[in-house]
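Peer 1: Here's a structure for you.
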Amino acid sequence: MKHKFTIYDMGQDTLTIELDGVKPIELKHIASYLKQFFDTDIDVLALNQSLTLFKKNCATRLDEVHSFLSTLKIEEALAPMCWELPIHYNGVDLEVLAEKLKKTPEDLIALHQSCTYTIEGFGFLPGFFYIGSLPKALQIPRKSTPALRVPKRSVAIAGTQTGIYPIESSGGWYVLGELAFDLFDPDVQHPVFADIGDEVRFKAISSDEFELLRAQHLKGAQLQERLLCSK
Amino acid sequence: MLEIVRPGLWDTIQDRGRFGYRGIGVALSGAMDQEAFANANRLLENAPNAAALEVCQNGGLYLFKAPTCFVLCGFETEAVLDDQSIATNTIYGAKKGSILSVIRVVNGVYAYVAVKGGFITDQKLNSRSMHPSLYGDQKLKKGYQLPYQEYEGSKIEADCRPISKDRQEYVLEAIPGPEFHYLHPSTDFSSLKFTLSDHNRMGYRLLPSVHLKRSTESIRSAAVFPGIVQLTPSGECIVLHRDAQVSGGYPRILILTEQSLNWLAQIKKGEIVEIKCTIKSPFT
């Protein structure tokens, strides 16, 4: 493998692999190779240039994992999925954020839609993914005092990333708007439609379009079809 | 059905936990004291993952609406079945209409009420362990009905030797975490003493008896799991427990063993916790 990596023994059932300069989509592929290597349902958390493996007694196979990764070849041209997420930009923090960044709320909304982003990893809450990287003009440290209640589906930014709250939670990110569908469904086998390494674009919709989409209750394959970027 | 006539301080349904979904941010969950939980199912000859009712400190009042056998597992716990005191780790028969009152966990914090066959509550992502992100509720409320299969045999022909074990002064065992070097090299890792402050199913706040000298660097969000000991900017330690989220931004200085997590679950607020880490850190 072209990336330098270190493996940490985190107790008998957990291994963490840190990889230098690895892209999110490469992490996704390395994770799938590791699943094949263990030949079983192994739980892999991909986050910030690291992979953490959870499997009974996996630490005893640290040396094997090391040689497996050393000889692993990852394809160069990996084509990511691309999702266009419909957002109603009516967030409670638009005004205060505009003031802090010395812009108008309209500028913020336009800037937020101006790039194609990448899903960099999962964490924090079930189905919460970190989407990067924000344009410089939108980057801001998280709030010094977190809000106690950030509503479900809130699209929020902090640091270099956007996040979408799958459930109501406390949180320190600035809320720009609301996603038009639910991100996480614990009642289906694949509760989240997207994966690490996928590309994400944001698209502003009107409140009418938002209500219409909410009423459609799209799920599973239908939802994926609706969100797939037009090439 | 078992009806929650009056809920205890923090009643939940738990099993061994939710495996295979940490990759999408779902917490492991599961019984806080996995050893006591496993004993309950072993005594009743249940499947090892059969769901049980977890009570914390003060239990509630529960009505059996169908006959079954049950056990109350954990350390010494004051409990009454239809006005008769009952012992822990012992099988009892409950009739339709029997009332169980779990008054308080005398020695320890968590205790488990398990019925023959386990509670067959709603499963989400292959587990019945309650977590607010999946069930909406943090804990069981008054009037909730917990389904179970009716069981007529009042005695089970099982190995039902009671496990009478007192809680000891445990020394928790740990291995170094990836950010072990954030602690000052002069720290005596062979015996770190803490006072247990507030705690819940997500984590335990430990106040060190000596000032832990440390590096003030922060880390990028990284994987965490039950057993990870985090060092906060104010110098306290947080031990993550069963409901911990999957990522965190504080240095991960130590990792407790699974057995130590079970022991920690039974330590009360204000008590002294000793952590021993004898392994030299392989990390730099």
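Peer 1: Exactly one condition in (1) touching a Ser or Thr at 6+ places or on another chain (Cβ under 7 Å); (2) within 13 Å of chain B (Cβ to nearest Cβ) is false for A:HIS88; which is it?
Peer 2: A:HIS88 satisfies every listed condition except (2).
Okay, residues lined up against (1) within 14 Å of chain A (Cβ to nearest Cβ); (2) under 24 Å from B:ALA244 (Cβ atoms); (3) out of contact with any Cys (no Cβ under 6 Å at 6 or more places or on another chain); (4) in contact (Cβ under 8 Å) with a residue 60 or more places away in the chain:
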site	(1), (2), (3), (4)
B:GLU3	no, no, yes, yes
B:GLY8	no, yes, yes, yes
B:GLY17	yes, yes, yes, yes
B:ALA31	no, yes, yes, yes
B:GLU45	no, no, yes, yes
B:CYS56	no, yes, yes, no
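Peer 1: If you check A:ASN48 against the conditions, is it surrounded by fewer than 15 Cβ atoms within 10 Å (Cβ to Cβ) and within 14 Å of another protein chain (Cβ to nearest Cβ)?
Peer 2: Details: surrounded by fewer than 15 Cβ atoms within 10 Å (Cβ to Cβ): no; within 14 Å of another protein chain (Cβ to nearest Cβ): yes.
The answer is no for A:ASN48.
Peer 1: Out of all the residues in the range B:201-232, which are within 14 Å of chain A (Cβ to nearest Cβ) and of a type outside the set (Val, Ile, Thr)? Don't jump to the end; show me each part of the working.
Peer 2: Quick first cut of the range B:201-232, residues within 14 Å of chain A (Cβ to nearest Cβ) only: B:202, B:218-230.
Correct list: B:MET202, B:SER218, B:ARG220, B:SER221, B:ALA222, B:ALA223, B:PHE225, B:PRO226, B:GLY227, B:GLN230.
Peer 1: Quick one: is B:PHE75 modelled with pLDDT under 95 and on the phi < 0 side of the Ramachandran plot?
Peer 2: On the way: modelled with pLDDT under 95: yes; on the phi < 0 side of the Ramachandran plot: yes.
Spelling it out, B:PHE75 is indeed modelled with pLDDT under 95 and on the phi < 0 side of the Ramachandran plot.
Peer 1: Quick check: is even one residue across the range A:104-113 assigned to a strand (DSSP E or B) and more than 14 Å from chain B (Cβ to nearest Cβ)?
Peer 2: In the first step, residues of the range A:104-113 are kept if they are assigned to a strand (DSSP E or B); the result is none.
Within the range A:104-113, not a single residue is assigned to a strand (DSSP E or B) and more than 14 Å from chain B (Cβ to nearest Cβ).
Peer 1: Tell me, which strands (runs of 3 or more DSSP E) wholly within the range B:41-86 include 1 or more residues that are in contact with a helix residue (DSSP H, G or I) (Cβ under 7 Å, 6 or more places away or on another chain)? Explain how you work it out, then say what you get.
Peer 2: Working: elements: B:52-56, B:61-64, B:68-73, B:77-81, B:84-86.
Those strands (runs of 3 or more DSSP E) span B:52-56, B:68-73.
Peer 1: Going by the conditions given, is B:LYS193 part of a loop (DSSP other than H, G, I, E, B) and surrounded by fewer than 23 Cβ atoms within 10 Å (Cβ to Cβ)? Even if it seems obvious, please write down each step before you answer.
Peer 2: Working: part of a loop (DSSP other than H, G, I, E, B): no; surrounded by fewer than 23 Cβ atoms within 10 Å (Cβ to Cβ): yes.
It is false that B:LYS193 is part of a loop (DSSP other than H, G, I, E, B) and surrounded by fewer than 23 Cβ atoms within 10 Å (Cβ to Cβ).
Peer 1: Scan the range B:20-29 for residues that are in contact with an Asp or Glu (Cβ under 6 Å, 6 or more places away or on another chain) and in a loop (DSSP other than H, G, I, E, B) and jot them down.
Peer 2: Taking the range B:20-29 first, the residues in contact with an Asp or Glu (Cβ under 6 Å, 6 or more places away or on another chain) are B:20, B:22-23, B:27, B:29.
B:GLY20, B:ALA27, B:SER29 - these are the residues of the range B:20-29 that are in contact with an Asp or Glu (Cβ under 6 Å, 6 or more places away or on another chain) and in a loop (DSSP other than H, G, I, E, B).
Peer 1: In the range A:31-45, how many residues are within 13 Å of chain B (Cβ to nearest Cβ), at pLDDT 90 or above and touching a Phe, Trp or Tyr at 6+ places or on another chain (Cβ under 9 Å)?
Peer 2: 4
Peer 1: Is one or more of the residues making up the range A:139-148 touching a Gly at 6+ places or on another chain (Cβ under 8 Å), without any contact (Cβ under 8 Å) to a residue 40 or more places away in the chain and not in a loop (DSSP other than H, G, I, E, B)?
Peer 2: Yes: one or more hits.
Peer 1: Hey, any hits in the range B:139-147 for a residue that's within 19 Å of B:MET1 (Cα to Cα) and assigned to a strand (DSSP E or B)? Working first, answer last.
Peer 2: The initial filter retains those residues of the range B:139-147 that are within 19 Å of B:MET1 (Cα to Cα), namely B:139-147.
Those left that are additionally assigned to a strand (DSSP E or B): B:145-146.
Yes; the residues of the range B:139-147 include at least one that is within 19 Å of B:MET1 (Cα to Cα) and assigned to a strand (DSSP E or B).
Peer 1: Residues of the range B:203-231 being surrounded by fewer than 18 Cβ atoms within 10 Å (Cβ to Cβ) and either assigned to a loop (DSSP other than H, G, I, E, B) or among the acidic types (Asp, Glu) (or both), which ones?
Peer 2: Hits for the range B:203-231 are B:SER209, B:VAL210, B:HIS211, B:LEU212, B:LYS213, B:SER215, B:THR216, B:GLU217, B:SER218, B:ILE219, B:ARG220.
The values are calculated or read from the model by the stated rules, or taken from the named source; none is laboratory data. Nothing here was measured: the structure is a model prediction, and the numbers come from that model. No Cβ is skipped: glycine too gets one built from the backbone with ideal geometry, and neighbour counts run over all protein chains shown.
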